Amino acid sequence: MEFCPYGDLDHYISSRYQNTLIPINELELLFGQLISIVIHIHSNRLIHRDFKATNILIKQFQHIFLFFKN
């Protein structure tokens, strides 16, 4: 697995946006990537049964991963 210096999505959001709203342009980028990940997974006839913020890893702001465990 690649090193993801920003950690997971839960940590990223809680440490960066403690008392503020997340900007809409950042939300659009994150959700767009998440939707792309889910489409890719489903097109390969796979499912992810534990889809949550702690399983979404951030390598850099515009490059996220969904963590799979066998």
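The values are calculated or read from the model by the stated rules, or taken from the named source; none is laboratory data. If you're wondering where the values come from, they're calculated on a predicted model, not measured in any experiment. Backbone-built Cβ (ideal geometry, glycine too); neighbour counts: all protein chains shown. All accessible areas refer to the heavy atoms of the entire protein, side chains included, with ligands and DNA or RNA removed. Shrake-Rupley method; radii C 1.70, N 1.55, O 1.52, S 1.80 Å.
Pairs are defined by a Cβ separation below 8 Å, a sequence spacing of at least 6 or placement on different chains, a first member in the range 1-27 that is of a type in the set (Val, Ile, Thr), and a second member that is open to solvent by less than 100 Å² (accessible area, probe 1.4 Å) and in a loop (DSSP other than H, G, I, E, B); the pairs so defined are ILE13/ILE22.
Among the residues of the range 47-65, which ones are surrounded by 11 or more Cβ atoms within 10 Å (Cβ to Cβ), more than 9 Å from the chain's Cα centre (by Cα) and of a type in the set (A, V, I, L, M, F, W, C)? Selection gives PHE51, PHE61.
Candidates are the residues of the range 5-26 that are hydrophobic (A, V, I, L, M, F, W, C) and under 13 Å from ILE64 (Cβ atoms); the one that is least open to solvent (accessible area, probe 1.4 Å) is LEU9. Select from the range 27-46 the residues that are more than 16 Å from the chain's Cα centre (by Cα), surrounded by fewer than 11 Cβ atoms within 10 Å (Cβ to Cβ) and not charged (D, E, K, R) and list them in ascending order. Answer for the range 27-46, where residues must be more than 16 Å from the chain's Cα centre (by Cα), surrounded by fewer than 11 Cβ atoms within 10 Å (Cβ to Cβ) and not charged (D, E, K, R): SER43, ASN44, LEU46.
Kindly provide the set of residues from the range 12-26 that are charged (D, E, K, R) and under 14 Å from the mean Cα position of the chain (by Cα), ordered by number. Within the range 12-26, GLU26 is the sole residue that qualifies.
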